[in-house]
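First the structure, in the form of structure tokens, and then the observations on it.
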Ligand SMILES: NC(=O)c1ccc[n+]([C@@H]2O[C@H](COP(=O)([O-])OP(=O)(O)OC[C@H]3O[C@@H](n4cnc5c(N)ncnc54)[C@H](O)[C@@H]3O)[C@@H](O)[C@H]2O)c1
């Protein structure tokens with residue numbers, strides 16, 4: 001039985017830590033996953049990786065995915081995202097906020 005029988009929401013899910021987190025939820029048997037990012041092509045890739053992980057894992061069956069572009073720096077977009085996920089799945093049980101940029105790197109690149 002999965003530890004994650006509820007609904008997971010992951011921001012920054014198009015790459016890096018967010019993508020790995022989203023795939024990990026699927027691998028551990030979570031069947032309702034919402035993913036969001038600015039990068040829509042990356043979200044498509046993550047959605048495929050989620051379904052692949054679910055097939056490979058002991059917990060068989062497709063994962064229901066809610067996927068949408070959101071700028072997490074815009075409060076109205078975040079509110080809209082939360083409303084949309086709750087409308088789609090009825091609830092949110094786990095949230096991983098992985099969206100972000102490396103400010104140190106940006107400063108270094110601007111100075112360089
Ligand atoms: N990778 C590390 O070792 C590490 C260590 C410490 C902290 N962090 C921090 O964790 C965060 C994620 O790191 P990562 O390595 O996964 O980076 P990443 O660049 O691979 O992923 C970040 C994701 O966030 C998305 N994103 C950026 N701004 C957004 C916005 N306003 N709205 C929605 N999505 C947005 C990007 O499109 C990208 O897909 C970053 O803030 C990073 O600085 C990373």
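If you run the Gaussian network model on the chain, springs between alpha carbon atoms under 10 Å, then out of 24, 15, 79 the most flexible one is 79.
Here the Gaussian network model covers the chain, with springs between Cα atoms less than 10 Å apart; of 75, 40, 28, 75 fluctuates the most.
Based on the Cβ-Cβ distance of residue 78 and residue 20, what FRET efficiency does E = 1/(1 + (r/R0)^6) give at R0 = 30 Å, to the nearest 0.05? So the FRET efficiency works out to roughly 0.85.
Take every pair of alpha-carbon atoms less than 8 Å apart whose residues are at least six positions apart; their mean separation over the length of the chain yields a relative contact order of 32 percent. Across 14, 47, 73, mean-square fluctuation computed from a Gaussian network of the chain (C-alpha pairs under 10 Å connected) peaks at 73.
I need the shape label for the stretch 7-111. Rule: rounded when a/c is under 1.5, else prolate if a/b > b/c, else oblate, with a, b, c from the alpha carbon gyration tensor. Taking the square roots of the gyration eigenvalues as a ≥ b ≥ c, the stretch 7-111 is oblate.
For the chain, the longest principal axis of the Cα atoms and the long axis of helix 75-89 meet at an angle of about 10 degrees. Computed over the chain, the per-residue total of -39500 (n - 2.57) for DSSP H runs of n ≥ 4 gives a 222 nm mean residue ellipticity of -15000 deg cm²/dmol, rounded to 500.
All of the numbers you see were taken from the coordinates with simple rules; none came from a lab. These numbers were taken from a predicted model, which means no experiment stands behind them. So basically every Cβ, Gly included, is an ideal-geometry build from the backbone, and we count neighbours across all protein chains shown.
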